[in-house]
Amino acid sequence: MSFEELGDFLKSQGVSVSGSIDPDKLLGMLLGNPSSINEDIKKIQKDTLNSINDISKRHTDKLNEEAKNINYKDSVSKLIGISSEEIDYTSLTILKKEILNKAVEITQKLKEDVENIKKEADDFNNKTPSQENTVKTPSNKKENTKDDLEQVSSSLENTVLSELAKKIPLLVLGGKTGSGKTEILIEMKKRGVQVIDLEGLAHHRGSAFGHLGLEEQPSSEHFENLLFHELQQMDFKKPIWVEDESRHIGKVFMTESFYERLRESPCLFLDIDAKYRLPHLVKVYAEYPKADLLIALEKIKKRLGGQHFQRAVECLEINDFSEVAAITLNYYDKAYLHGLTQRDDAQIDRLEIHTLDTNLQVNSVLAHDLAKFNFNI
């Protein structure tokens, strides 16, 4: 295209051009209008991204089609490094353990790659001045690759955990707020019982007051990783005890598959009167600043009701922690019992206990028939 033809094109687009087109003037005009250049760049980026997504979708569809014809015995053989013949006489338990160990190894390698790419991207950004309207292709490429690897890593662990959750031999320790469930599980673990402390992994005790005195919560993804590695240490031929929880523990959410397994597993409900639980709650929470306790009360203000909330605030101001605990406990007891009704009643065993002495509680739990539950895996 000649400059004269370009001038006619610019005029047709509403650009004021008088006389003949001077190349230097035209270049200055173009450079003086960077917004149009940026729009072109954005369009190129958008078209490129659409093309990549289209290629990726076609590639994924192809892989999915090929997956229908996979010889899974050969896949397992390649994954864990044993012959197809050996698979036939290797126990399922050993195969599962080897596959899960390999999945952990692959995931760890992916995470290391992610960290390396992130470091390279940070180094690149530190060396390149940040300029408005400048496209940093190398940095963008590294960031996209990092995001892809993080997604693959998270997806891999999520997939393995989802499959694993179907077979976890869980026993659930239930009970109203203040029953000392966490302390019981800790003591059970000391006695050699398999236990996973979900609240410990989440850095939260599960109520509006549950964050007090604890470290910052991990992300849900990090919590999932911690849970995955805890499960790797367990013997699936023996029961694994966990505390009864809602799907979210503070800001952390369990995966749907693990939560479903928790909800369908046998539950030992500790029926402990409030007169035993109240002193325990006061002992745990009265040591925290009243300002922090007030913030926690604000979180459940609507659920308590205006009158009960105001009464709790007044009692907090005069250091009547027992009454504050009693008011909040009334709400939490109702909430927990409602959640308990969502379980299959046939899966719930009730154990009445008249003490908050942890050792005596553990003795009662371990003497219960549910503690000898036999899982057919």
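Before moving on, here are some points about what is shown:
- Pairs of Cα atoms farther than 25 Å apart, the range 170-372, %: 38 percent
- Put in line by how crowded their Cβ is, counting other Cβ atoms within 10 Å and starting with the fewest, S219, S364, S322 read S219, S322, S364.
- Both numbers refer to the Cα atoms of the range 246-309; Rg and Dmax are 16.0, 40 Å.
- Start at zero, step by 5 Å, and the Cα-Cα distances of the range 259-344 spread as 3, 12, 22, 20, 15, 13, 9, 5, 1 percent across the bins.
- Sorted by Cβ neighbour density within 10 Å, fewest at the top, the residues Y332, Y276, Y288: Y288, Y276, Y332
- For the range 196-276, the square roots a ≥ b ≥ c of the C-alpha gyration tensor eigenvalues yield an a/c of 1.5 or more together with a/b not exceeding b/c, which makes the shape oblate.
- Length gained when the stretch E352-E256 is fully extended (0.36 nm per residue, less Cα-Cα span): 31.5 nm
Just so you know, all these numbers are worked out from the coordinates, no wet-lab data involved. In this text the structure is predicted, and so the values were computed from the model without any measurement. For neighbour counting, all protein chains shown are included, and Cβ atoms are generated from backbone atoms with ideal geometry for every residue, glycine included.
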